[in-house]
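Engineer: Supplied in structure tokens, the structure appears directly below.
The values are calculated or read from the model by the stated rules, or taken from the named source; none is laboratory data. Please read all numbers here as calculations on a predicted model, not as lab measurements. For neighbour counting, all protein chains shown are included, and Cβ atoms are generated from backbone atoms with ideal geometry for every residue, glycine included. Keep in mind that these areas ignore ligands, DNA and RNA; they rest on the heavy atoms of the full protein, side chains included. Shrake-Rupley method; radii C 1.70, N 1.55, O 1.52, S 1.80 Å.
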Amino acid sequence: MINQTVRGTKDLLFDEWYRFKYVQQTASEISSLYGFLPVETPIFEYTEVFTKTLGDSSDIINKEMYTFNDKGGKSITLRPEFTAAVVRLLVEKKLQTPIKLFSTGPAFRYERPQKGRQRQFHQINFEAFGVEDPKADIELITLAQHLLTEFGIDKNVRLEINSLGDGETIGKYREALISYFKKFQNDLSEDSQNRLIKNPLRILDSKDKTDKEIISGAPKISDYYTKKSLSFFEQILNGLTILDIPYTVNDKLVRGLDYYCHTVFEFVTEDLGSQGAVFAGGRYDNLVSSVGGKHTPAIGFAGGIERVMELTNYLVKEERAVCLIPIGKEAEEHALTLANELRRNGLYVIYEYSGTLKTRMRKANQADAKVALIFGDEELSSKTLKIKDMDLGEEKTIARNNIIKSIHQVYGQNRKSRFW
Ligand code: HAM
């Protein structure tokens, strides 16, 4: 085991690293257009931050957390998601609401690894605090859709939405589900039998075949909406229609975390096998007050970076290099100074430490350099260099003190930044 990664974790190399950063960077930039401020919480928290918020019936709490006692005997958990930690931050730092917070980084769940599912995975996470208005829900979903378009994956991903209604709705629906599922108690899967007591809504999530048949006859949440809940949901659906965001109402969508009320949604795809949710979230109006904060309505969602990366065709547009080709001992020495000067002017420079003109030209070609700078004794004494456009094969002599400008002229408009 000394030379392999832990199951469910991954190294990120080269292009993949850039693709990963591209997703984070794009999410951060686009979130700022919607007024989100960036925050970063630690990757571990006191265990209660999660156990008091995510819900007893959630898989995360029951079987997926990386929890350990630190050397001081405190129970610590690697964050399995961001929402609870960001709520902890909001309450602890007494941040003024309304406020919108963006964060990104790793999260940890002890799940069975498969395509699109890791034990260390990464999220882009968006939370909007302090807004009761359904416009906040619409705006967040619009942001999610905006991101999908930016990543070029909006065609493969569709929005499923549901409303769990308010406390009264959930309470009544819960009772209705309990009395319905009790009739089939012995036929339900073990997981669903446990959920019947803890959180019967989660049974609707079951993938078990027999459960699914039973679920098809279960009461529908829409029959239990209070007037207020229904109107809230309708306003959101109307908003989505006005903004041309296609959606499907899925009345079985309940989400795997217990803190939600009213709106829940998932952007799902068929292209990732069974791990279909790319972005997922919802409203959680009672979470902040349940951990000691003021009553603060809130809504948020998170996206799995690995899942976005699986779907996007984003190619790293790596900058093409300036290749130095010194000829002779003095020129070799000058190459160090020249490389230093060019790099400090923001140019990507490569050069071999030794070799003939021919082998160095071959290497410049292999590296797909855009510009070659060729200089020997003659150029050094006349304070000039030969510059070659490697695409056109054109070579000309330029003044040494005009070098940066001359290089930019060869690149023209097409020079890409080193990273994106
Ligand atoms: P979640 O549905 O547990 O919600 O996760 C959100 C997204 O994280 C998923 O849709 C998926 O893309 C990604 N994800 C989750 N688990 C894994 C995994 N094991 N491997 C790879 N990707 C994964 C939450 O985490 C909520 N905190 C979202 C939220 C924010 N609700 C309100 N605000």
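Engineer: Please report, as a whole percent, how much of the solvent-accessible surface of the stretch 199-263 comes from carbon and sulfur atoms (probe radius 1.4 Å).
Structural biologist: Result for the stretch 199-263: 52 percent of the exposed heavy-atom area is carbon or sulfur.
Engineer: Please state the charge dipole magnitude for the stretch 19-139, taken about the Cα centre, from unit charges on C-beta atoms (+1 on K and R, -1 on D and E), reported in debye and rounded to the nearest 20.
Structural biologist: Charge dipole, the stretch 19-139, about its Cα centre: 540 debye, nearest 20.
Engineer: Can you give the local net charge around PHE232? Use residues other than it whose beta-carbon is closer than 14 angstrom to its beta-carbon, Lys and Arg +1, Asp and Glu -1.
Structural biologist: -3
Engineer: Now for a separate question. Mean residue ellipticity at 222 nm from the helices of the chain, using -39,500 (n - 2.57) per DSSP H segment of n ≥ 4 over the full residue count, to the nearest 500 deg cm²/dmol?
Structural biologist: Helix contribution divided over all residues of the chain: -11000 deg cm²/dmol.
Engineer: Still on this structure, I have one more. Return one number: the angle in degrees, 0 to 90 and rounded to the nearest 10, between the long axis of the Cα atoms of helix 329-344 and the longest principal axis of the Cα atoms of the chain.
Structural biologist: Helix 329-344 and the main axis of the chain meet at about 30 degrees.
Engineer: Once you list every other residue whose beta carbon is under 15 Å from the beta carbon of LYS294, what net charge do they have if Lys and Arg are +1 and Asp and Glu are -1?
Structural biologist: 0
Engineer: Suppose all protein chains stay in the model; what accessible area per residue would a 1.4 Å probe give for the stretch 322-414, in Å²?
Structural biologist: Normalised by residue count, the accessible surface of the stretch 322-414 is 60 Å².
Engineer: For the stretch 322-414, calculate the relative contact order in percent as a whole number, restricting contacts to Cα pairs under 8 Å that are 6 or more residues apart.
Structural biologist: It rounds to 28 percent for the stretch 322-414.
Engineer: Of the options GLY116, PHE375, GLN145, report the single residue whose Cα projects farthest towards the positive end of the charge dipole of the chain (beta-carbon charges: Lys, Arg +1; Asp, Glu -1).
Structural biologist: PHE375
Engineer: When the solvent-accessible surface of protein heavy atoms is calculated with a 1.4 angstrom probe, in what order do ASP205, ASP377 fall, highest first?
Structural biologist: The ranking, largest first, comes out as ASP377, ASP205.
Engineer: By how many degrees, between 0 and 90 and to the nearest 10, does the Cα long axis of helix 357-366 differ from the longest principal axis of the chain?
Structural biologist: 20
Engineer: With each label point set 7 Å from Cα along the Cα-Cβ vector, what nm distance links THR359 and ASP133?
Structural biologist: Those two pseudo-labels are separated by 7.0 nm.
Engineer: For the chain, what is the relative contact order in percent, using Cα pairs closer than 8 Å and at least 6 residues apart in sequence?
Structural biologist: 16
Engineer: Taking all protein chains in place and a 1.4 Å probe, what share, in percent, of the accessible surface of the stretch 322-414 do carbon and sulfur account for?
Structural biologist: That fraction is 47 percent.
Engineer: How many angstrom separate the Cα center of the stretch 328-374 from the Cα center of the stretch 57-117?
Structural biologist: Rounded to whole Å, the Cα centres lie 48 Å apart.
Engineer: In Å², what does the accessible area per residue of the stretch 95-151 work out to with a 1.4 Å probe?
Structural biologist: Accessible area per residue, the stretch 95-151: 38 Å².
Engineer: Dipole of the chain (Lys/Arg Cβ +1, Asp/Glu Cβ -1, origin at the Cα centre): which of ASN365, ALA298, LEU89 lies farthest to the positive side?
Structural biologist: ASN365
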